[in-house]
Amino acid sequence: MENNFAIGACGTFGSPNGFQQITYHYELKFAPTLDLNSNIMRLAPNVELFGVKKHLLSNGDYLICFVLYTYVEELQSSREGAFIGSFIVFKNSVADSNRIYACLQEFHNLITKNPQNILGNRLQVTHIEDIKIAEPDEAKNIERNIKTLDSIPSYIGKQQILLTSQNANKETYGSDISDFFTKAINASEDIGTLYFTVNQELFFYAKKNNLIEVNYLSKFYSSSRSRNYLVQQRETKPFELHNNNPTRNNGTEQIAESNSFLTNNGGNIFNVTIQGNKNLTVRLWEPSWCIGEINILTLIQEHNELVRTYLELIKPQSDINFNSSKVKKNLYNTIENNYMLLIILLLTLAITFFSIGLYEFSVPNPNKADSERLTTKINKTPDKDEHEPNEDEPNLHNQLNPLPNSKLTGTDLQTLNRQIINKMTSREITDLAIKLNPNDIAKPYQSQKDILAQSLIQQNHNCFDGEVFNKEKCPQIENVPVYKK
């Protein structure tokens with residue numbers, strides 16, 4: 001098969017192997033984990049959970065993965081939360097939702113119905129590579145009908161949503177799954193992972209834990225349709241709007257007249273009125289902090305151009321005939337003009353540097369802190385450990401108000417570490433800790449997230465590369481400050 005389509009399996013296999021996933025006999029791999037958080041969703045026998053996970057590679061390729069999870073018991077344990085999964089992944093392409101569902105169901109049955117793999121809901125193997133598989137017939141149909149995507153997302157967010165059907169039954173089950181896949185393909189770029197199940201116990205278990213957003217499939221259509229509309233607008237070619245449908249235009253970008261203005265304000269959501277008085281909910285671009293710098297660079301370029309012009313004018317003119325009064329007169333005029341140009345140049349320089357100074361004084365530079373941190377990092381002595389805490393650096397742990405009087409322990413600490421994944425930032429870990437611990441962390445430190453994030457780095461300095469958590473060096477975070485009353 002070509003490298004824009006692949007199938008694979010995943011599952012939990014107990015200690016010491018844990019969760020594993022593999023792609024079979026294809027060049028295409030899906031690196032992001034497909035593991036399930038048992039605190040959010042816990043499968044039961046005869047329950048199916050479908051998932052769609054999206055990922056952007058560093059080279060710009062777009063991967064979209066379709067997963068089917070079912071309940072199993074591990075061979076050597078009876079812990080809750082174990083599962084087996086099968087998945088299909090596409091690169092910069094996708095197939096018809098009905099074909100994806102058929103192929104996924106066939107491949108999953110080939111794994112789960114084989115007694116060498118699973119017998120009586122219990123896994124018979126302890127490693128993903130020992131799973132016996134066979135290529136599903138539907139895979140060939142998908143390979144023949146893969147469609148290249150017209151455009152790919154510019155980014156993928158981290159939002160997760162669990163959906164369910166309000167009126168699920170056997171007759172509509174297949175069409176519900178296909179409908180879910182179609183809407184997941186076209187969902188907003190903010191959404192990184194979507195799940196779907198018709199099992200209400202699983203749905204309300206996740207809703208009760210309040211660790212994932214939940215919604216109904218029918219309502220998700222209306223909430224995501226306007227976002228899909230904006231995804232099309234983010235293509236690189238110019239476009240114009242006619243009757244609320246984006247079309248290609250070889251000219252400059254044109255937008256239908258509106259009764260209100262689109263105002264860029266940090267990616268917030270605004271309601272704008274398009275022709276026909278239809279409301280669209282549009283997520284605007286983040287503001288560019290480079291605008292002020294670009295203006296300054298333009299002034300400097302203009303200054304350099306004036307300097308080059310001035311130097312060109314005052315070059316020695318060896319070919320002038322000084323015995324000619326006419327040439328002398330022209331020379332005097334040239335010198336006089338040069339003095340005037342010099343005066344203008346000096347005034348321009350004064351105005352330029354005054355403008356730069358005024359701008360730097362009045363507008364905060366968001367990159368200043370990054371520049372200072374970079375300078376500090378460069379000036380460090382070579383023999384000093386990059387992660388060793390600096391004695392001269394203020395102890396941010398002591399700047400928390402109220403001062404922490406304990407640290408996270410026991411089940412609370414284990415729950416936090418289970419949800420921390422490799423390369424999470426300290427701020428993301430802080431948000432997760434606040435969400436999981438509303439009393440001991442959220443109440444006292446909700447408004448001090450930045451200080452708490454830096455305190456986590458200082459208290460667990462061996463676990464972070466800069467502000468990024470390295471799980472290979474540090475399997476879990478030990479020191480999480482809390483305030484207990």
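The values are calculated or read from the model by the stated rules, or taken from the named source; none is laboratory data. Everything numeric here is computed off the predicted structure, so don't read it as measured data. All Cβ positions, glycine included, derive from the backbone under ideal geometry; neighbour counts span all protein chains shown. Calculation scope for accessible area: heavy atoms of the full protein, side chains included, ligands and nucleic acids excluded. Shrake-Rupley method; radii C 1.70, N 1.55, O 1.52, S 1.80 Å.
Hey, can you tell me all the residues within segment 142-152 that are at pLDDT 90 or above and surrounded by 14 or more Cβ atoms within 10 Å (Cβ to Cβ)?
Within segment 142-152, Ile142, Ile146, Leu149 meet the criteria.
Look at segment 1-53 and say how many of its residues are exposed (fewer than 14 other Cβ atoms within 10 Å of the Cβ) and under 23 Å from Ala206 (Cα atoms).
The total comes to 5.
Of the conditions (1) at pLDDT 85 or above; (2) not in a loop (DSSP other than H, G, I, E, B), Gly157 satisfies every one except a single condition; which number is it?
(2) is the only condition that Gly157 fails.
Yes or no: Asn141 assigned to a loop (DSSP other than H, G, I, E, B) and of a type in the set (S, T, N, Q)?
Taking the combined requirement at face value, the residue does not satisfy it.
Can you tell me which residue within segment 85-135, out of those that are closer than 27 Å to Lys183 by Cβ and β-branched (Val, Ile, Thr), is surrounded by the most Cβ atoms within 10 Å (Cβ to Cβ)?
In this case the residue turns out to be Ile88.
Please go through segment 184-200 and pick out each residue that is open to solvent by 10 Å² or more (accessible area, probe 1.4 Å) and within 19 Å of Thr172 (Cα to Cα).
Those that are open to solvent by 10 Å² or more (accessible area, probe 1.4 Å) and within 19 Å of Thr172 (Cα to Cα): Tyr195, Val198, Asn199, Gln200.
Just wondering, is there one or more residues in segment 186-194 that are at pLDDT 85 or above and either more than 26 Å from Asn98 (Cβ to Cβ) or part of a helix (DSSP H, G or I) (or both)?
Checked segment 186-194: at least one residue is at pLDDT 85 or above and either more than 26 Å from Asn98 (Cβ to Cβ) or part of a helix (DSSP H, G or I) (or both).
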